[in-house]
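Working notes, structure below.
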Amino acid sequence: MNDVLMKGGQCYYENSHGMNVCWGGTSTLAHRGGTTIGNTFVAKIPDGSGGVIDPRKYRDYVPLIEHEFTHTLQWQTLGVGMVDYLLWEARVAVVNWVLEDMRLPPIGMGCGNPYEISASLVKGGYLC
Ligand SMILES: [Zn+2]
């Protein structure tokens, strides 16, 4: 949360699920739809112009928060074991880098990730 605030972002406390939600600024934690670490969701929901909108204005806000809350529960259950969740994303990024070099279409980020599947791909906004 401090990383986002120090880099120009904003945060609020989401009462419905007991989570911190942060967005905006230049934090590298926010990528694509965002990332949840512990009970903090760092969002990067594009507004269509390249900017980032307040997540509360995202049309699928409720299902998204439900999805991210499942990640919070995964963090509570697995603790540092959730590093595997982050490594999964890194593995897919490497595979896509190779596929791009071979001029093949990329695989969907998150679509085969068991942590994302468990949290519901639909609620997370994944188009698989
Ligand atoms: Zn997710």
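Summary table
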quantity: Top-ranked residue in the stretch 93-111 [being hydrophobic (A, V, I, L, M, F, W, C) and not in a loop (DSSP other than H, G, I, E, B); ranked as farthest from the ligand (Cβ to nearest atom)]; calculated: V98
quantity: Residue among V52, V83 that alone is more than 14 Å from the ligand (Cβ to nearest atom) and loosely packed, with under 12 Cβ neighbours inside 10 Å; calculated: V83
quantity: Residues (outside any loop (DSSP other than H, G, I, E, B) and of a type in the set (G, A, S)) located in the stretch 112-128; calculated: S118
quantity: The stretch 62-79 residues that are within 17 Å of G110 (Cβ to Cβ) and free of Cβ contacts under 8 Å to residues at least 60 places away in the same chain, paired with ones that are of a type in the set (A, V, I, L, M, F, W, C) and assigned to a helix (DSSP H, G or I) (beta carbon under 9 Å, 6 or more apart); calculated: H71/M82; Q74/M82; W75/M82
quantity: Hey, I45 among the β-branched types (V, I, T), at pLDDT below 85 and within 12 Å of the chain's Cα centre (by Cα) or not; calculated: yes
quantity: D3 over 24 Å from G108 (Cβ atoms), assigned to a helix (DSSP H, G or I) and not β-branched (V, I, T); calculated: yes
quantity: Subset of the stretch 82-124 (residues that are in contact (Cβ under 8 Å) with a residue 60 or more places away in the chain and out of contact with any Gly (no Cβ under 8 Å at 6 or more places or on another chain)); calculated: M109, K123
quantity: Subset of the stretch 33-47 [away from the ligand (no atom under 16 Å from the Cβ) and more than 20 Å from G8 (Cα to Cα)]; calculated: none
quantity: Residue that is farthest from the ligand (Cβ to nearest atom), among those in the stretch 55-71 that are part of a loop (DSSP other than H, G, I, E, B) and of a type outside the set (F, W, Y); calculated: R59
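The values are calculated or read from the model by the stated rules, or taken from the named source; none is laboratory data. This is a predicted model, so every value here is computed, not measured. Note that each Cβ is placed from the backbone with ideal geometry, even for glycine, and that neighbours are counted across all protein chains shown.
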